[in-house]
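Heads up, the thing below is written out as structure tokens.
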Amino acid sequence: MIQVRGLSKLYGKKVVVDQVSIDIVPGTITSFIGPNGAGKSTLLSMVSRLMDADTGEVLLDKKNIKKIKSGELSKKVSILKQSNQMNVRLTVKELVGFGRFPYSKGRLNDQDHAKVDEALTYMDLHDLEDRYLDELSGGQRQRAFIAMVIAQDTDTILLDEPLNNLDMKHSVQIMKILRRLVDELGKTVVIVLHDINFASVYSDRIVALKDGKVIKDGLTNDIIQSTALKEIYDMDIHVQQLNNCRICVYFNSALQGE
Amino acid sequence: MRNSTKLIILLGLSFLFTGLYLFQDLNGSYDYALPRRGIKVLAMVITGCAIAYATVIFQTITHNRILTPSIMGLDALYLLLQTVLIFFLGSDHITIMNKQVNFVLSVAAMIIFALLLYRFLFNKGSQPIYFLLLIGIIVGTFFTSISTFLQVLIDPNEFSMVQDRMFASFNNVSTDLVWIALILTTIVILIGWRSTHFLDVLSLGRDQAINLGVPYESVVKKMLVISAVLIAISTALVGPITFFGLIVANLSYQFFKSFRHSILITGAMLMSIVALIGGQWVVERIFTFSTTLSVIINFIGGVYFIYLLLKESKSS
């Protein structure tokens, strides 16, 4: 279980993340939402140790993650960022194989190959496994990176805007896979999302940030409410119930209300 | 062709050129010519391996395939040191005349400089690696400018001594130094070799490397120090030749098309052995010493560098 205690980040004098304390509930999908510049990605980067916090600490099973060896931590928490620029040419299978690095240190054994195979199956990538990443579309690449994280087989998976630049079909596909990871394999997923409807339909819990502070933290249905959303985004958002899903309508306030 | 086959071919080629270089026209001169040629071969092997290794790890850390470790200003410091010594103490002073003293002095100066630079930068928290490179370029340019300034003022006879140091040469390396350099280089490469598997992951970028459990900061520091030490040793042994690393590293990437550094580094090392010994053979047998190896290297390297630049600009 990940607990965040009093985490802050400053760039110069500008406070980007301000005294954030949250608990990530195991076995759920938690979405971070909020306006641009609210500090969502920065918070996720600090939780995943990609960035140093200026104050506060992140605890994994009551232990400060800075005190945990890098190699050990990489078997428990994984992170996927938005952009993944590389200067090596890798095939999909080779990339997914890197997910086993924390266990095998680069020499894959039979068990590692089995895990890689499993991850490729999970992401439906077997047709593409020998293709090079730079020959793939954005959506296919994103799936390959998620397969790598699945092969890494950590309890907690942190994803920074994984739906960026993806079309509707691929976005839905990825969210469904994340849902399966939680429901079938008992993983914990933390995800930064821009589209509040994806957050509403697929996540169990939502943490809303604004100006670096947590302003809402709770169950999805409690947060996807017009009043709460008004507070988060400073705009009128109409929430409609559609087939048990709560859908936010915000495209044009003139169209709202019945 | 499999990568292991390619490595065996390169190994065969390096043995072929070594044999050719050592034994052609030897005329039974086992006591005189053979040991002299042997020392040269050893110097070329050491320099080749050191530069290939330093360049590949430096490029992986900086995520840039057209950089060489010389961007950190080590060659510039070497030339500055030689110029300053000759300018103030004269070319007949012990620090210039005695090769051992000069070697120790040069290696020490370069390593201390690199450590100070890294220490200064890493103490201020985790700076992006490009900041370090920028400082390196500025300091290197500063060193070069001072050297040029002193070289303009210097006595012409003394200047010819400085000029001698400006180009790498394998023709008069000292035997003792070759052995010292061999031991140092081997130790440093062995220390670095234990982290080779981390390098594969580093080429995925910083974030992925940390995600996959690489102790990023410490590995990067270690690799920067190793590449600085190797460059310092090879530069003090034969002179500035880091441009050469750019060629072999990139040839190795193109030839092996692998992400495994154990293959890339071994390949680059073998290629530099083939290129240096083969090149020296060409210089001695075909050009009959009318040119030097470093002139040929700089010519071929320059052409290849332009090709790389054009290729990079096309791909981006």
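Work out from phi, with θ = phi - 60° and the Karplus expression 6.51 cos²θ - 1.76 cosθ + 1.60, the ³J(HN,Hα) of each residue of segment B:58-69, listed in order in whole Hz, and give x for Gly and Pro.
5, 5, 5, 5, 8, 6, 8, 9, 10, 9, 10, x
How many nm is it between the label spots at B:Lys314 and B:Asn157, if each spot is 7 Å from the Cα in line with the beta carbon?
5.4 nm
With runs of 4+ DSSP H residues as the only contributors, calculate the mean residue ellipticity of chain A at 222 nm using -39,500 (n - 2.57) per run, divided by the residue total and rounded to the nearest 500.
-9500 deg cm²/dmol
Segment A:113-144 to segment B:256-287: how many Å between their Cα centroids?
Each part's Cα centre sits 36 Å from the other's.
What average number of partner chain Cβ atoms lie no more than 10 Å from the Cβ of the residues making up B:249-260?
2
With a 10 Å radius around each residue's Cβ, average the other Cβ atoms per peptide and rank B:228-238, B:262-272, highest first.
Going by the mean number of other Cβ atoms within 10 Å, highest first, we get B:228-238, B:262-272.
Based on DSSP H runs of at least 4 residues, each adding -39500 (n - 2.57), what is the mean residue ellipticity at 222 nm of chain B after dividing by all its residues, to the nearest 500 deg cm²/dmol?
Working: 14 runs with 249 residues, N = 316.
It comes out at -26500 deg cm²/dmol, rounded to the nearest 500.
Which value in nm describes the separation of the simple spin-label points at B:Phe120 and A:Lys230, placed 7 Å from the Cα toward the beta carbon?
5.8 nm
Taking each residue in B:198-210, count the Cβ atoms of any other chain within 10 Å of its Cβ, then average. What number comes out?
Values: counts 3, 1, 6, 5, 1, 4, 10, 7, 2, 12, 13, 4, 8.
Mean number of neighbouring Cβ atoms from other chains: 6.
Looking at chain A, what % of its DSSP beta bridges pair antiparallel, to the nearest 5?
Working: 26 of 43 bridges.
Antiparallel bridges: around 60 percent, rounded to the nearest 5.
Starting from the amide H of A:Leu209, placed 1.01 Å from N in the peptide plane, find each other amide H under 5 Å away whose residue is 5 or more places distant or on another chain.
Residues meeting the criterion, in which the H sits 1.01 Å from N, are A:Ile33, A:Gly34, A:Ile215.
Can you list the HN-Hα couplings for segment A:32-49, worked out from phi with the Karplus curve (6.51, -1.76, 1.60; θ = phi - 60°), rounded to whole Hz and with x for Gly and Pro?
Computed from phi, the couplings for segment A:32-49 are 9, 10, x, x, 4, x, 6, x, 4, 5, 4, 4, 5, 5, 6, 4, 8, 6 Hz.
Hey, can you grab everything whose amide H is under 5 Å from the amide H of A:Val190? Only 5+ residues off in sequence or another chain; H modelled, so Pro and N-termini drop out.
HN-HN under 5 Å from A:Val190: A:Thr30, A:Ile157, A:Leu158, A:Leu159.
Averaged across A:73-81, how many Cβ atoms of other chains sit within 10 Å of each residue's Cβ atom?
Across the residues of A:73-81, the mean count of other-chain Cβ atoms within 10 Å is 3.
Multiplying the sequence separation of B:Ser4 and B:Arg36 by 0.36 nm and subtracting their Cα-Cα distance, what value in nm do you get?
Computed gain between B:Ser4 and B:Arg36 is 8.2 nm.
Hand me the trypsin sites (Lys or Arg not before Pro) from segment A:38-94 located in a DSSP loop with no more than 12 other Cβ atoms within 10 Å, in residue order please.
Sparse-neighbourhood loop trypsin sites (Lys or Arg not before Pro): A:Lys62, A:Lys69.
Out of all DSSP beta bridges with both ends in the protein assembly as shown, state the antiparallel percent to the nearest 5.
Details: 26 of 43 bridges.
Restricted to the protein assembly as shown, the bridges split so that about 60 percent are antiparallel.
Considering only Cα-Cα distances, which of the following residue pairs are longer than 28 Å: A:Lys13/B:Lys222; A:Lys40/A:Lys93; A:Lys75/B:Lys314; A:Lys9/A:Lys63?
Long pairs (Cα-Cα over 28 Å): A:Lys13/B:Lys222; A:Lys40/A:Lys93; A:Lys75/B:Lys314.
Pairs of Cα atoms under 8 Å, at least six residues apart: use those to get the relative contact order of chain A, whole percent.
On the way: 473 pairs, mean separation 63.3, N = 258.
For chain A, the relative contact order is 25 percent.
What would the Debye equation give as log₁₀ I(q)/I(0) for chain A at q = 0.17 Å⁻¹, counting only Cα atoms as equal point scatterers?
-1.35
With a 10 Å cut-off between alpha carbons and a GNM built on chain A, which of A:Ile65, A:Ile29, A:Ile146 moves the most?
Of A:Ile65, A:Ile29, A:Ile146, the Gaussian network model singles out A:Ile65 as fluctuating most.
Bear in mind that the values in this text are calculations on the coordinates, not laboratory data. Since the structure is predicted, the reported quantities are computational estimates derived from the model, not experimental observations. Glycine also receives a Cβ, built like all others from the backbone with ideal geometry; neighbour counts cover every protein chain displayed.
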